[in-house]
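Some notes on the structure that comes next.
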């Protein structure tokens, strides 16, 4: 049983839902990213999603796009990010770290990708633009290294495609709560809850919800029908207001957001 499975099993036993955070590696700089993630974990975040900066993050809203831009100005590379994650995992071995990025990010390591992910203690991968025809091979190679391939499902994903995604996924499923990009306003509806419930009935994998979750209220509503929530834009917005993590106000504000979200889903 790998780290992601262990986390969801423990949460289920304790009748709790997962709090998953997303931040962009290298925003505002790599050292600050590492400190931010360490404090997320210390504050009770269950799973860490680390954004790999990309020049054309098509699924992202304005906030996270700007986070990618800020990180790219620092010439952040995938090896830099892997090294940062490895350092964090040395101190927090039980907290899963999932890299989220685009195909070009990961193809940069070519055939060394899977062994490098394993070497640096990465627990999962989310590839936003992974073609379905390549997903089965990716899943096989990742699972051989004990790494999960987490797939995205959106409101426009057909039932036929969902069935295919379920056969080429592991770890958990990430349900995109709205038609649009990250940071958009989430309207919690019966239709959304029904959709999540339908997916859960088709798989034993945990289903988490992301996009548009910004406060305790939306986190609470979405945690009722899912196994956890992902929060990204709210955190990246706060990070954008500060140049370095040395600013104690950034730490205090981020911890306040995490505390509110944790309270919302508890």
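The values are calculated or read from the model by the stated rules, or taken from the named source; none is laboratory data. Fair warning: this is a prediction, and the values are worked out from it, not measured in the lab. Cβ atoms come from the backbone with ideal geometry, glycine included; neighbour counts cover every protein chain shown.
Here is how the numbers come out for the structure above:
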{"read-out": "When residues of segment 23-50 are limited to those that are in contact (Cβ under 8 Å) with a residue 12 or more places away in the chain and out of contact with any helix residue (DSSP H, G or I) (no Cβ under 7 Å at 6 or more places or on another chain), the one nearest to residue 227 (Cα to Cα)", "value": "49"}
{"read-out": "Total residues in segment 4-20, condition in contact with a strand residue (DSSP E or B) (Cβ under 8 Å, 6 or more places away or on another chain) and not in a strand (DSSP E or B)", "value": "5"}
{"read-out": "Lone unmet requirement of (1) touching a helix residue (DSSP H, G or I) at 6+ places or on another chain (Cβ under 9 Å); (2) modelled with pLDDT of 90 or more for residue 211", "value": "(2)"}
{"read-out": "Residue check, residue 69 at pLDDT 90 or above and within 24 Å of residue 242 (Cα to Cα)", "value": "yes"}
{"read-out": "All strands (runs of 3 or more DSSP E) inside segment 115-180 with 2 or more residues being within 16 Å of residue 102 (Cα to Cα) and in contact (Cβ under 8 Å) with a residue 12 or more places away in the chain", "value": "124-127, 151-153"}
{"read-out": "Subset of segment 93-114 [buried (at least 17 other Cβ atoms within 10 Å of the Cβ), part of a loop (DSSP other than H, G, I, E, B) and touching a helix residue (DSSP H, G or I) at 6+ places or on another chain (Cβ under 8 Å)]", "value": "95, 96"}
{"read-out": "Qualifying residues in segment 51-71 (those that are touching a residue at least 60 places away in the same chain (Cβ under 8 Å) and outside any loop (DSSP other than H, G, I, E, B)) - the one farthest from residue 251 (Cα to Cα)", "value": "62"}
{"read-out": "Of all residues in segment 146-161 being over 19 Å from the mean Cα position of the chain (by Cα) and either closer than 23 Å to residue 22 by Cβ or modelled with pLDDT of 95 or more (or both), the one that is surrounded by the fewest Cβ atoms within 10 Å (Cβ to Cβ)", "value": "156"}
{"read-out": "Some residue of segment 26-34 being surrounded by 24 or more Cβ atoms within 10 Å (Cβ to Cβ) and in a helix (DSSP H, G or I)", "value": "yes"}
{"read-out": "Failed item, numbered, when residue 48 is tested on (1) surrounded by fewer than 23 Cβ atoms within 10 Å (Cβ to Cβ); (2) under 16 Å from the mean Cα position of the chain (by Cα)", "value": "(1)"}
{"read-out": "Subset of segment 188-232 (residues that are assigned to a loop (DSSP other than H, G, I, E, B) and under 19 Å from the mean Cα position of the chain (by Cα))", "value": "205, 206, 211, 212, 213, 214, 215, 226, 227, 232"}
